[in-house]
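For reference, the structure discussed in these notes is given below.
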Amino acid sequence: MTAAIESQEHKDLRAAVAALGTRHGRGFDRQALWSEAAKLGYLGVNLPEEHGGGGGGMAELSIVLEELGAAGCPLLMMVVSPAICGTVIARFGTDEQKRTWLPGLADGTRTMAFGITEPDAGSNSHRITTTARRDGDDWILTGRKVFISGVDIADATLIVGRTEAVPDERAGRSGSLKPCLFIVPRDTPGFHRSQIDMELHAAEKQFELTLDEVRLPAASLVGDEDAGLLQLFAGLNPERIMTAAFAIGMGRYALATAVDYATTRQVWKQPIGGHQAIAHPLAQAHIELELARLMMQRAAALYDAGDDVGAGEAANMAKYAAGEACVKAVDQAVHTLGGNGLTREYGLAQLITAARVARIAPVSREMILNYVSHQSLGLPKSY
C-alpha cells in the first residue's frame, strides 16, 4: 500500500478541486458550489460507475472535501450524503434502491441526511431507542434523533433504528444490538423536524427529529435486518474519514491565512513571520496537519481495499489526529492575527467554533481513546 505517495491522478484531482474552491471562496453560495461540484463529477466520485458515479472511493472523496475546505468553502453534506448514505446503499441496498438513489446522489440532484444520534444515547449506540417493528409488510418507526445535519435540504434521511428492545445494561452485552437502516423520505407522515438554535456558523442547519408511528413500506429497509453492526459501520468508517478531511481542510485554510498575514504584516524591522515565536507554532501546525492527512490517507486506502477492521482503527485515529490538528491550527492562526483574527474580514473567528466540531462529532476524542486503548492496545474496557 502506497497511500503516503499520491498518484498523479490524485494530484490532478486535488489541483482541479482546489481551482474550483478558489473560484467560490469563503463567501460561497452552498447550492451553487454543490451544483458545480456535482456537474464536474466530484460529489459522486466514490459511487459506482454503473449508477452514475466516478467508480472511486474514500481516497478520492476525501481529497474533494479537503481541498474545498482548504479554499474556505467546505461542503458538510458531502460527509453525509455521498460518503455515508451513498456508501451504505451502494454496498447493501437493493437493486431498486440503488437505481432510485445513487444516480441522484452522484449528480447532486438528490441529497440524503443520516440520523443516528439520540438525545439519551450520545456516544452509546447500544442505547438507541428508536424502534422498528413490523406491521404486516410495513415497518413502523418510533423515536427521536438529535443533531442531524441538513434534513431540510435532504430528500430523505437514512434513519438508524433497532428491531429489539433496549438490552438490560446489567447484562453487559453489546451483541444484542441489531441496528437497521431505513430510508425515510422528508415528507413522510409522522416524520417531524425542529431546527436547533446553534452558535455554529454553517450553511447546513442542525435538527431534532421525531418519528411518530412513521409507516414505511418494506422496500425502505436497506440491507438485511439481521446484518447488525456490519452495515452500520460500513457508513461510520467513511464518516470518520470524511470528518478528518473536513478538519484538515479547515486547518489548512486557517494556516494559509495566518501564513499570508505573517508574511506581510510588519510592525518592527521585518514581517512578524520572521520571528520564531510566530513562525514555529505555524510550522508545528503544518506538521500536525500533514501527519493527520497521512493517517486519513491510510484509513481511506484500507477502506477502499475492503479491510473494514483495519479501516476502523485507522479512521478513528485519523479523525482524532485531524480534530486536534485543526483546533490547534485555528487557534494559532487567530493568535497570529491578533485582533484581526476576530474580525469578519479575515473569517477566522467563526472557525473557533467550527473547529471544535471535529473533536466532538461524530464521535468524541475520548471515545476514540477508549477504542484505541481496548481495541488496539488490548487494555480492559472502561465502559
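The values are calculated or read from the model by the stated rules, or taken from the named source; none is laboratory data. Fair warning: this is a prediction, and the values are worked out from it, not measured in the lab. Please note: Cβ atoms are built from the backbone with ideal geometry, for glycine as well, and neighbour counts cover all protein chains shown. Heavy atoms of the whole protein, side chains included, go into the accessibility calculation; ligands, DNA and RNA do not. Shrake-Rupley method; radii C 1.70, N 1.55, O 1.52, S 1.80 Å.
Please work out which one of (1) among the aliphatic types (A, V, I, L, M); (2) out of contact with any Leu (no Cβ under 7 Å at 6 or more places or on another chain); (3) open to solvent by 20 Å² or more (accessible area, probe 1.4 Å) is the condition Ala358 fails and give its number.
All conditions pass for Ala358, except number (3).
Of Asp226, Asp307, Asp260, which residue is open to solvent by 10 Å² or more (accessible area, probe 1.4 Å), farther than 30 Å from Cys180 by Cα and free of Cβ contacts under 8 Å to residues at least 60 places away in the same chain?
Result of the check over Asp226, Asp307, Asp260: Asp260.
Picking from Leu342, Leu291, Leu282, Leu348, which residue would you name as being in contact (Cβ under 8 Å) with a residue 60 or more places away in the chain and not polar (S, T, N, Q)?
Leu348
Count, please, the residues in segment 98-113 that happen to be closer than 24 Å to Phe147 by Cβ and either out of contact with any Ser or Thr (no Cβ under 9 Å at 6 or more places or on another chain) or open to solvent by 20 Å² or more (accessible area, probe 1.4 Å) (or both).
Matching residues across segment 98-113 total 2.
Out of all the residues in segment 118-129, is one or more assigned to a loop (DSSP other than H, G, I, E, B), aliphatic (A, V, I, L, M), touching a strand residue (DSSP E or B) at 6+ places or on another chain (Cβ under 9 Å) and within 16 Å of Leu181 (Cα to Cα)?
Yes, that holds for at least one residue.
Checking the condition at pLDDT 95 or above, closer than 27 Å to His10 by Cα and assigned to a helix (DSSP H, G or I), which residue from Ala321, Ala333, Ala277 passes?
Answer to the check: Ala321.
Tally up the residues in segment 87-115 that are within 19 Å of Cys180 (Cα to Cα) and among the charged types (D, E, K, R), please.
The qualifying residues number 4.
Checking Gly86 against (1) farther than 20 Å from Ile241 by Cβ; (2) part of a helix (DSSP H, G or I), which single condition isn't satisfied?
If we test Gly86 against (1) farther than 20 Å from Ile241 by Cβ; (2) part of a helix (DSSP H, G or I), just (1) comes out false.
When only residues in segment 226-251 that are modelled with pLDDT under 95 and of a type in the set (A, V, I, L, M) count, which is farthest from Ala113 (Cα to Cα)?
So the residue we want is Ala227.
What is the residue count in segment 341-351 for residues that are open to solvent by less than 80 Å² (accessible area, probe 1.4 Å) and assigned to a helix (DSSP H, G or I)?
4
Which one of these is touching a residue at least 12 places away in the same chain (Cβ under 8 Å), open to solvent by 10 Å² or more (accessible area, probe 1.4 Å) and touching a Lys or Arg at 6+ places or on another chain (Cβ under 7 Å): Val327, Val334?
Sole residue among the options that is touching a residue at least 12 places away in the same chain (Cβ under 8 Å), open to solvent by 10 Å² or more (accessible area, probe 1.4 Å) and touching a Lys or Arg at 6+ places or on another chain (Cβ under 7 Å): Val327.
Residue check, Leu289 against (1) outside any loop (DSSP other than H, G, I, E, B); (2) open to solvent by 20 Å² or more (accessible area, probe 1.4 Å), all met but one. Which one?
It fails just one condition, (2).
One line per residue, one yes/no per condition, for (1) closer than 21 Å to Ala247 by Cα; (2) surrounded by fewer than 21 Cβ atoms within 10 Å (Cβ to Cβ); (3) in contact with a helix residue (DSSP H, G or I) (Cβ under 7 Å, 6 or more places away or on another chain):
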| residue | (1), (2), (3) |
| --- | --- |
| His24 | yes, yes, yes |
| Ser35 | no, yes, no |
| Gly44 | yes, no, yes |
| Pro48 | no, yes, yes |
| Ala59 | yes, no, yes |
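Go through segment 367-380 and report how many residues are loosely packed, with under 14 Cβ neighbours inside 10 Å and touching a residue at least 40 places away in the same chain (Cβ under 8 Å).
The number of residues fulfilling the criteria is 2.
Only one of these conditions is not met by Ser174: (1) open to solvent by 10 Å² or more (accessible area, probe 1.4 Å); (2) modelled with pLDDT of 95 or more; (3) out of contact with any strand residue (DSSP E or B) (no Cβ under 7 Å at 6 or more places or on another chain). Which number is it?
(2)
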